[in-house]
Amino acid sequence: MRLDAKIPGGPLEGKWDARKAELKLVGPNNKRKFDIIVVGTGLAGASAAASLAELGYNVKVFCIQDSPRRAHSIAAQGGINAAKNYPNDGDSVYRLFYDTIKGGDFRSREANVYRLAQLSRLIIDQCAAQGVPFAREYGGTLANRSFGGVLVSRTFYARGQTGQQLLLGAYQALMRQVGLGRAALYPRREMLDLVVEGGKARGIVARDLVTGKIESHAAHAVLLATGGYGNVFYLSTNGVAGNVTATFRAYKRGALFANPCYTQIHPTCIPVSGEHQAKLTLMSESLRNDGRVWVPKKPGDKRIPLDIPESERDYYLERRYPTYGNLVPRDVASRAAKAACDQGFGVGPTGHSVYLDFSDAARRDGPHALVEKYGNIFEMYENITGESPLQTPMRIYPAVHYTMGGLWVDYDLMTTIPGLFCLGEANFSDHGANRLGASALMQGLADGYFIIPYTIGGYLSGTELPKVNTADSVSFRLAEENARDGVAKLLGVKGRRSPHDFHRRLGRLLWENCGMSRNETGLLGAREKIRGLREEFWQDVAIVGPGEDVNQALERAGRVADYLEFASLMITDALERRESCGGHFREEYQTPEGEARRDDANFAHVAAWEYKGEGAPVVLNKEPLEFSAVHLAQRSYK
Amino acid sequence: MNYTLRVWRQKNSLDKGRFVDYEVGGVAPEMSILDTLDLLNERLLQKGEEPVAFESDCREGICGACGLFVNGYPHGPQKGTTTCEVRMRLFADGATIVIEPFRAKAFPVVKDLVVDRSSLDRVIAAGGFVSVNTGNAQDANSILVGKDRAAKAMDAAACIGCGACVAACPNAAAMLFAGAKVTQLALLAQGNPERERRALAMRERLDLEGFGNCSNEYECEAACPKKISVSHIARLNWEYLRAAALSEPEKVEVGPG
Ligand SMILES: Cc1cc2nc3c(=O)[nH]c(=O)nc-3n(C[C@H](O)[C@H](O)[C@H](O)COP(=O)(O)OP(=O)(O)OC[C@H]3O[C@@H](n4cnc5c(N)ncnc54)[C@H](O)[C@@H]3O)c2cc1C
Ligand code: FES
């Protein structure tokens, strides 16, 4: 398949304007004739749904939770980037673009990232106008802080609850449209299939999670904004309802899945404590502004941190990366923590953690200043571990956090299925092989508020879309049957092991072999084991209770079944990419100092995987990445 | 550690429901109460029994999905935490822990510990927003908001919409929930133009949804996992009275269902 990203010609700075100028428009009275399905109500979905309804389209919005406000975007803590240059510290659209593309280890599309940097400024204006209570200075202007991987302060925040406040802004905009009757809400619904008719996406099949009813919904276009698949690893910072189901089923209907192996491991999370943990808790990256990371210089040093004198501490990030110090990007910080622990310098009961120490900042600015910035994060830490970060250093360890991979989309955010768009974390577009902090919120809102409202008009006005009726459409009937069969098959197994148990075992296999570092032997072994686990799943998964009712074991089992298949695709992608880049660290490809070694000659491309049917091998399609504005450099944060 | 979980089981909204006792052993002190319910559910599945339905997503106190009565308190006896943040070290080994759904007229039980809180969404749809369409907002720094005022707005905006305030209130009022949103937006210049309309519409919607009235019991503040202050209720009442006095009350449109 030839992948056409439809990137407009002309200079980088003018591409988005050029695209907007050439896109056809839908007339104001015609918009209400178009039905648009938005699956997902996180930042990407809620902002898209609200904006499209404001324009006059008929919008139907779906989410798994009982309320759109509970999408996982709500949990984002640290902040959102924008090239406003309010602090006058040398920021610009170009610099944000450059930092983001470099942070992504030169594995993202130049034109997309540049547009993202341009739109970043509008996002802050829009959110401020909605009443998002951003942090302010005494004079009433907006406050900024810095995040990993950059040398300027461009991150806007609302205490440690930035995602919550941005999402509530988008949710309120959406609820306003619901109140006005322009958007209809379908909460507690899980999308189980995409319906393609006449070669175009024309609707979805969803399960009502209360009644178990399988429903068909038709539309002129479908937007997937279903978030990331990080909890394929079982333990991650993602919410427990996270899944790959929506995008994976779209993949099975013909959408290509890009870079599935690109996973972000976040360096600052609360370490794993026991067997029966449902998830891991992130400690915002913003903490690295004031916290210093260290381990004892002696391996296996069991003294309490306060008893270890300065001279016997190794502030290894500051030592190895003097320019960026504690603010190196996530992939670099995570690997450095893993290396320290693997060499026996790790601290805490399991030896799988490092210190993040605030004592210098507390001496410098006073504890009050720390509480003002990080109060709720400190509280969260104390509640979970029983220790106060103001008294003793935090203990942190990397954890799965974000997935850069996702459905392949062109510059208009359309997948390879016409009429199927993909937004937010669910697409692959802007972060390459590693995402810089505070840029997911930016991307989700750029996609939803500022890109899709333009590009969808171009699609709808230029495409023949005959009416479909769900009742007599064969495609809908088949998709419904497919969904019903899927449920029946799961209920029919009647085994003895819980879906959680399979999920946990799958997660462990992936974490060990396709996590922070990967090698061919490990990947091949894991692929075999996952195949075995999948077979065992279909013989022994336990689901009790009917399909026509709230049945959370059934929901989980469906998601785990998809993860078990999807995990093989991740591994195939990780095997195929014989280089190290960003979050994808192949042990075979590293520099003598242990840094990632990219191979631009052979791997400067997006790997977009195509499904060819049950049992058939998947097909790799490559979109070459061309760089005109930036020079491909070995990333250095020294 | 070992516990007896006394859990409310109810098939659906029509079923009368009852408590069932379950023994759960092998619990670690750092586990949350939801981890413990997960463990119970895994064991129930292994025995071929139907697991307990309950809601959660973020498991870190921010999404507002979880919400259980634990030993008679919404989100448990510990102040300022959500159910998912309640750790087992809070309970003595061997204790019996009573777990029920949030109960209120406006929150019908769906199954076991799952209730329907969509009434809260409809209160927001009635007026809990700033009417600004996407695009063409002015530069963010052209709206100045003093640091303290922004901090107060943020205190109010911290609400996670869990409904604990409603569940705690003897009248099942949602005044703290609505008051927090009205306060946040009233404190900001951006929210000012619609201040009256918002207070009237949200107040009216509360009645329509079957929420009760405030009789100053202060239970809501005590139960709020985000420690949102009852002063926001006073603010809501004040905004409502002010709006009613200021405007020849225009006909307030309440959005459909
Ligand atoms: C703890 C944490 C902290 C973070 N902090 C930051 C930060 O400080 N800055 C930053 O930029 N980024 C941060 N991120 C990343 C960022 O929050 C996410 O990438 C982003 O919010 C994703 O938004 P989204 O709209 O794409 O998806 P989500 O918010 O995940 O929403 C997904 C939506 O899709 C729905 N859905 C999913 N599957 C289905 C289905 N099958 N059927 C129907 N509906 C479905 C869900 O119900 C939900 O409504 C953080 C992430 C985590 C986990
Ligand atoms: S699960 Fe999100 S607040 Fe408890």
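Could you put A:Tyr381, A:Tyr589, A:Tyr171 in order, starting from the residue whose Cβ has the fewest other Cβ atoms within 10 Å? Write out the running numbers ahead of the final one.
On the way: A:Tyr381 22, A:Tyr589 18, A:Tyr171 31.
Lowest count first: A:Tyr589, A:Tyr381, A:Tyr171.
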Relative contact order of the range A:305-363, defined on C-alpha pairs under 8 angstrom at six or more residues apart (%): 16
Rounded to 10°, Cα long-axis angle of helix B:175-187 versus longest principal axis of chain B: 40
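Can you sort B:Glu219, A:Glu593 by how many other beta carbons sit within 10 Å, fewest first?
Fewest-to-most ranking of B:Glu219, A:Glu593: A:Glu593, B:Glu219.
Might you report the magnitude of the Cβ-based charge dipole of the range A:365-467 about its Cα centre, with Lys and Arg at +1 and Asp and Glu at -1, to the nearest 20 debye?
Result for the range A:365-467 is approximately 160 debye, rounded to the nearest 20.
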C-alpha long axis of helix B:147-157 to longest principal axis of chain B, angle in °: 50
Radius of gyration, Dmax [the range B:60-175; alpha carbons; angstrom]: 18.1, 61
Residues A:Val195, A:Val354, B:Val115, sorted so that the one with the fewest Cβ neighbours within 10 Å comes first: B:Val115, A:Val195, A:Val354
For the range A:433-503, with +1 on Lys and Arg beta carbons and -1 on Asp and Glu, the positive-most of A:Gly437, A:Tyr459, A:Thr470 along the dipole: A:Gly437
Cα centroid separation, the range A:234-262 to the range A:165-217 (Å): 18
Rounded to whole Hz, the Karplus (6.51, -1.76, 1.60) HN-Hα couplings of the range A:261-271, x for glycine and proline: 7, 6, 10, 9, 9, 8, x, 10, 10, 6, x
Only Lys, Arg (+1) and Asp, Glu (-1) charged, at Cβ; the range A:266-399 dipole about Cα centre in debye: 360
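How high is the relative contact order of the range B:3-104? Use alpha-carbon pairs under 8 Å, at least six apart in sequence, and give a whole percent.
On the way: 165 pairs, mean separation 32.7, N = 102.
Relative contact order for the range B:3-104 comes out at 32 percent.
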For the range A:474-576: rounded, prolate or oblate by the Cα gyration tensor [a/c cutoff 1.5]: prolate
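How big is the range B:3-104 by the Kirkwood estimate over distinct Cα pairs, in Å?
The Cα-based Kirkwood calculation yields 13.9 Å.
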Ordering of A:130-140, A:406-416 by burial proxy (mean other Cβ atoms within 10 Å per residue, highest first): A:406-416, A:130-140
Top positive-direction residue, dipole computed over the range B:33-180 with Cβ charges, set B:Cys84, B:Asn141, B:Leu39: B:Asn141
Percent of beta bridges antiparallel (DSSP, the protein assembly as shown, rounded to nearest 5): 70
Mean Cβ neighbour count within 10 Å, used as a protection proxy, ranking A:227-239, A:113-125, A:420-432 highest first: A:420-432, A:227-239, A:113-125
Proximal charge balance of A:Ala143 [Cβ under 14 Å; K/R count +1, D/E count -1]: +4
Around A:Asn434: net Lys/Arg minus Asp/Glu count, Cβ-Cβ under 10 Å: +3
Normalised contact order of the range A:504-638, rounded percent, pairs of Cα under 8 Å and 6 or more residues apart: 19
Charge dipole (the range B:3-104, unit charges on Cβ, about Cα centre) - positive-most of B:Leu5, B:Ile62, B:Pro51: B:Leu5
Antiparallel bridges, percent of DSSP beta bridges restricted to the range B:3-104 (to nearest 5): 75
Cα gyration tensor shape of chain B, rounded if a/c is under 1.5, else prolate or oblate by comparing a/b with b/c: prolate
For the range A:23-57 versus the range B:170-236, the gap between their alpha-carbon centres in whole angstrom: 31
Charge context of A:Ala369, other residues only, Cβ under 15 angstrom, K/R +1, D/E -1: +1
Calculated log₁₀ intensity ratio I(q)/I(0) where the Debye formula runs over C-alpha points of the range B:117-247, q = 0.09, 0.17, 0.20 Å⁻¹: -0.25, -0.87, -1.16
C-alpha long axis of helix B:195-208 to longest principal axis of chain B, angle in °: 40
Computed magnitude of the charge dipole of chain A (debye, nearest 20; Cβ of K, R +1, Cβ of D, E -1): 520
For the protein assembly as shown: rounded, prolate or oblate by the Cα gyration tensor [a/c cutoff 1.5]: rounded
Alpha-carbon centroids, the range A:586-623 and the range A:420-497: separation in whole Å: 24
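Rule-based calculations on the coordinates, nothing more; no lab input. Treat the numbers as computed from the prediction; the structure is a model and nothing was measured. When we count neighbours, we look across all protein chains shown, and the Cβ atoms used for this are built from the backbone with ideal geometry, even at glycine.
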